[in-house]
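Following: one structure in structure tokens, then a few remarks.
The values are calculated or read from the model by the stated rules, or taken from the named source; none is laboratory data. None of these values were measured; they are calculated from a predicted model. Reconstructed Cβ throughout: ideal geometry from the backbone, glycine too, with neighbour counts over all protein chains shown. To get the accessible areas, we keep the full protein, side chains included, count just its heavy atoms, and leave off ligands, DNA and RNA. Shrake-Rupley method; radii C 1.70, N 1.55, O 1.52, S 1.80 Å.
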Amino acid sequence: MSASLPRPRVGVWLIGARGSVATTVVTGCAAVAAGLHPPTGMVTETPAFTDSGLPALSDLVFGGHDTLDCPLPKRAETLTAGGVLPPGLATAVTAELAAADREIRPGGPAPGDTRSEADLIAAFTHDIRDFTHRHALQRTLVVNVASTEPASQGPGAPLPASTLYALAALRAGCPYVNFTPSEGMHHPVAAREAEHSGLPHAGRDGKTGQTLLRAVLGPMFAQRALHVRAWSGTNLLGGGDGAALADPAAAAAKNAGKERVLADTLGHVPEGEVHIDDVPALGDWKTAWDHIAFDGFLGTRMILQTIWQGCDSALAAPLVLDLARLTARAHEKGLTGPLGALGFYFKDPVGEGPSGLSEQYEALVRFGRGLGRTAEADLGTEAGSSTGVGAEGSPGVEAGERADASEDVL
């Protein structure tokens, strides 16, 4: 009997690899893979994606960049004390956390860093390629889960750190996912390079809480022909994100995605703003409050108020694992360019796609179905020639589905 070949493994290179989200991603992946916890919150673990050909959680290998030096096992202990991770879990997966921590390399630019932008990109690229080579990985994808940075200052300004990492991902031949509002691949320098890279990419700004709810409620008002006059909100959060978003420029970058969701789903921008308050005592927990003023029949004025309380890392981590698996499979299938069907996960998605959460979910399921098809079943579409939008808008869509799926995007 011949020995079975080892299963190909996929690298997940995390930018901000010692942050709360990254630590929860690594801990959660190990816990679910070992059967210690169910995959709650992971859409890719639902029956709709059983035949999508996604990499198994046990086949993901983690590494990354960070400017912090707190080891992942210690970081996991802190999250346990804060109620983010269940008691005993960090201890149960200490080996996996330590293995990932050994693959974290110094990020930048750190204070006092004298390296040029070209030097930083070259160093980051080398780190990613070395990681891929040493572990004999089938492919590696880069996911930005670092704290939000202020928007860049325009032409002539230094490239933001997120864009340096995005360029390194492209030059290392890796698909890229931006889970943050930071510029990353959106910067014109990176966007031009991405266009010619032949690599899939997705983003930006993960839709985890307040905006997730807005993506559901916005279509409700539009479909019921109720006019929204004002939509105001407040976010209270602590941790690294709270500190980062205390910077008005960083908060503005964050709020742009929240505003886009309302504009896209309502057809107009109502009055009101979102305020973000840093409350360090909250740690990794956040509260989001929305106040919606709308008109009903005969101009009757009404109010809807919502309160969302959740743990940011626990909301984000399963989405990051979903995106890693879906993007890796898209790369394996030869898809290129912006993956619009992953807009389900983002406030400010790249590519074309619907705005309402229900329609975004339907597009995601179709996308997953297409990932599972063989080349012969893809309606003659060659995987290697896809640019993220296949023949008639969606590779892998059955001919009989076209009449009801004209908005399909991949």
For the ranges 316-323, 302-309, 164-171, what's the packing order if you count other beta-carbon atoms within 10 Å of each residue, average per peptide, and put the highest first?
164-171, 316-323, 302-309
Just the accessible area for Lys286, please: 1.4 Å probe, Å², rounded to the nearest 10?
30
Using heavy-atom solvent-accessible surface (probe 1.4 Å) with all chains present, what is the largest-first order of Asp101, Asp290?
Asp101, Asp290
By accessible area of protein heavy atoms, probe 1.4 Å, what ranking do Ser116, Ser313 get, highest first?
Ser116, Ser313
List the residues, sorted by chain then number, that are 5 or more residues from His227 or on another chain and whose placed amide H is less than 5 Å from its amide H.
Asp295
If packing is taken as the mean number of other Cβ atoms within 10 Å per residue, what is the order of 271-284, 17-30, 71-84, highest first?
17-30, 71-84, 271-284
Pull up all non-local amide H partners of Phe62: gap of 5 or more, or a different chain, and H-to-H distance under 5 Å with H placed in the peptide plane.
Val12
Heavy-atom accessible area with a 1.4 angstrom probe orders Arg369, Arg204, Arg325, most exposed first, as Arg369, Arg204, Arg325
Over region 74-119 - Rg/Rh using Cα atoms and the Kirkwood inverse-distance radius:
1.21
Amide proton proximity set for Gly108, modelled H, under 5 Å, gap of 5+:
none
Sorted on mean Cβ neighbours within 10 Å (highest first), peptides 31-42, 142-153 come out as 142-153, 31-42
Could you list the residues of region 287-310 with an amide nitrogen less than 14 Å from a label point located 7 Å from the Cα of His227 in the Cα-to-C-beta direction?
293-302
